[in-house]
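First comes the structure, then the notes that go with it.
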Amino acid sequence: MPSNIRYTLLSLRDLAASVGPFALLTVLLLALTYWWLDPNPPKRVVLATGPAQSAYDEFGKRYADALKRYGITVELLPSQGSSANLELLRTGQADLGFVQGGSADIGYDDEESISSLGSLFVEPLWLFYREDSAVRLRQQPTIQSLGDLVGWRVNVGTAGSGVPRLFTTLLDVNRIDRHQLQLSELEQTPATVAFLNGEVDAVVFASAPESLMVQMLLQSPGIHLLNFAQSEAYSRRFGYLTPVVMPQGVVDLSKNIPERDMHLVASTTGLLAGAKTHPAILQLFAQTATGLHGGASWFSRAREYPNLEHSEVPISPEAVRAIKNGPPFLQRYLPFWLANLVERMWLAMGLILALALPLSRIVPPLYTFRIRSRVFRWYAELRSIEQRHLDHQDEPTPVDDLLEQLDRLEEKVEQVVVPLSHTDELYALRSNIGLVRKKLLKKD
C-alpha cells in the first residue's frame, strides 16, 4: 500500500475514533427520541361503523380504500350504531368510530379519553309513516307532528344505534309519554321489511341521505316523510341538533320528489377517536374526511363539511390543523411516512443537534491529544533511563543495561505511526533518544 494512502487511512481511523463517542451518543439520543415519540403510525386500525347497508358502513369502506395508498389497513367493525360505537371506543376495541351527536350518552370521562376529528355530515331524523296507517288511525292521509303518533306502532331502532334515546328526548320535550306509543327496537333491515308489510306503522332512524334505505323509502308509493315544522325550535332547545331543509324535487326532479320543501331536524355525525389512537392516524383520517365529505349534498354546500362545530368532546389538534390548513407542507412533496417522520421529530432532532454541536468542539483537541499521546507516552520511559543514570553518577553505573533499555525503547518508537502533520513530534522523540544515548556513552 502506498505510504500516502496508509497515512490518510490512519488519519481517518483516528478521526473516527475521536468522533465515534459523540456520534454514538447522538444516535442513541435519536433512537430514544424515536422510541418515545413513536412517530410512525401502526399499519392496522379498527374503525367502528354501523349496520350493514347503512351510511356508516358505506363511509367506512371509503375510508378503508382511501388509506390503502398509505399502507394502512382499516378494519371495519360493524355495530348497531352510535351508542355501540362509543362503547367500543371506551373499551379500546376500536380506534375510531362514527358517533351521532346527541344519540349517545357522552360524559365528562369521555372528554378525557376521547377526541373528535370534527363533524363530517348531518344525519336527519327520518320518520317515515304509512299513508294507510294515517287514514286508519287519524282519518287523514298525512300527519303533522309527533303528537299524531299516539297509539301507533313505531320502530325506533336498536338501543345500540342511539336513535331510541334521541327519539325519546323528542317525545319528552313534546310531553308525550313513550308508553302511549307501541315502540319496538328492531334492526333497520327487518324493521323496514315489517314496515313495508304493514306490520309497523312508522319507522324512525337517523342516517345520511346516502343510505340505501332512505333512498328506497323516499320513492316508495304510500310512504310519507314527517315534516318537522318546528325544526328551528328543536335546534334552539338542543345544541347538537340543527334544522335542515330537503328542497322540493331534490330526490327526483322528474317526479318532483318531494313535492314540497321538507323541514327536518338533524344531528351532526362526528368521527371520534380513542385516546391511544396514533396522532398520525388522526391526521390521515382528518385529511381523508376533507376529501370524502367536502362535496355538496342535499343538506350542505361544498366545503361546508367537515368542520369543527357541534362537537360534544374536545377536537383533536391534528384535526384542527388538517381541516383548517390542509395537508402539511412536507406531505405535498415527500412520501407520507418521511414527511410524518420529519414533522413529528424535527423539534427533538433540533434539540439534539443543538446539544451535539457544542460537544463537537471537543473533537479537534481530542483528536490532537490522541495522536500526540502515542509519542509523549515514551518520554516517561526515556526520562526514567536518564534519571537512573544521573542518580548513580558517583557509583559504578551499569551503562550497558541502560543502553540496552534505550535500544528496546528505540525499537518500540520505530513502530509508532502518526499522521504526517504530527511527524515532527515523532522525530523530536527519536532525536531526544539519540541525545540520551550520547550522554550515556560519553559518561562511560
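Among the residues of segment 155-171, are any of a type in the set (Val, Ile, Thr), surrounded by 13 or more Cβ atoms within 10 Å (Cβ to Cβ), outside any helix (DSSP H, G or I) and modelled with pLDDT under 90? Yes, the conditions are met somewhere in segment 155-171. Kindly indicate whether any position in segment 39-54 is of a type in the set (S, T, N, Q), part of a helix (DSSP H, G or I) and modelled with pLDDT of 60 or more. No; the residues of segment 39-54 include none that is of a type in the set (S, T, N, Q), part of a helix (DSSP H, G or I) and modelled with pLDDT of 60 or more.
Of the residues making up segment 240-249, those that are within 38 Å of the chain's Cα centre (by Cα) and either hydroxyl-bearing (Ser, Thr, Tyr) or open to solvent by 30 Å² or more (accessible area, probe 1.4 Å) (or both) are Tyr240, Thr242, Pro243, Val245.
Number of residues in segment 39-49 that are open to solvent by less than 30 Å² (accessible area, probe 1.4 Å) and either on the phi > 0 side of the Ramachandran plot or without any contact (Cβ under 8 Å) to a residue 60 or more places away in the chain (or both) equals 4. If you go through segment 252-275 and keep only what is open to solvent by 70 Å² or more (accessible area, probe 1.4 Å) and within 20 Å of the chain's Cα centre (by Cα), you end up with just Ala275. Checking each residue in segment 288-304 for being within 12 Å of Leu271 (Cα to Cα) and either outside any helix (DSSP H, G or I) or not hydroxyl-bearing (Ser, Thr, Tyr) (or both) picks out Ala289, His293. For a quick check of your reading of the model, give me the residue pairs whose first member lies in segment 430-444 and is open to solvent by less than 90 Å² (accessible area, probe 1.4 Å) and modelled with pLDDT of 80 or more, whose second is in a helix (DSSP H, G or I) and small (Gly, Ala, Ser), with beta-carbon atoms closer than 9 Å and at least 6 apart or on different chains. Taking only residues 6 or more apart or on different chains, not a single pair turns up.
Residue-wise test of (1) of a type in the set (A, V, I, L, M, F, W, C); (2) closer than 21 Å to His293 by Cβ.
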{"position": "Pro190", "(1), (2)": "no, no"}
{"position": "Asn197", "(1), (2)": "no, no"}
{"position": "Ala202", "(1), (2)": "yes, no"}
{"position": "Ala206", "(1), (2)": "yes, yes"}
{"position": "Ser211", "(1), (2)": "no, yes"}
{"position": "Met216", "(1), (2)": "yes, no"}
{"position": "Gln219", "(1), (2)": "no, no"}
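Just give me the residues in segment 174-226 being surrounded by 20 or more Cβ atoms within 10 Å (Cβ to Cβ) and of a type in the set (D, E, K, R), in sequence order. The answer is Asp201, and nothing else.
The criterion of at least 3 residues that are within 30 Å of Tyr63 (Cβ to Cβ) is met, among strands (runs of 3 or more DSSP E) falling completely within segment 221-287, by 241-246, 262-274.
Residues that are polar (S, T, N, Q) and part of a loop (DSSP other than H, G, I, E, B) were ranked within segment 110-154; the one that is most open to solvent (accessible area, probe 1.4 Å) is Gln139.
Take the residues in segment 202-216 that are over 20 Å from Leu149 (Cβ atoms) and outside any helix (DSSP H, G or I), then tell me which one is modelled with the lowest pLDDT. Among those that are over 20 Å from Leu149 (Cβ atoms) and outside any helix (DSSP H, G or I), it is Glu210.
Here His310 meets the list (1) under 18 Å from the mean Cα position of the chain (by Cα); (2) at pLDDT below 90; (3) within 18 Å of Val122 (Cα to Cα) almost entirely, failing just condition (1). Leu76 meets the stated requirement of being modelled with pLDDT of 90 or more, open to solvent by 10 Å² or more (accessible area, probe 1.4 Å) and not in a helix (DSSP H, G or I).
The values are calculated or read from the model by the stated rules, or taken from the named source; none is laboratory data. Keep in mind that this is a model prediction, so the values were computed, not measured. Note: ideal-geometry Cβ built from the backbone for every residue, glycine included; neighbour counts use all protein chains shown. Only protein heavy atoms, including side chains, enter the accessible area calculation; ligands, DNA and RNA are left aside. Shrake-Rupley method; radii C 1.70, N 1.55, O 1.52, S 1.80 Å.
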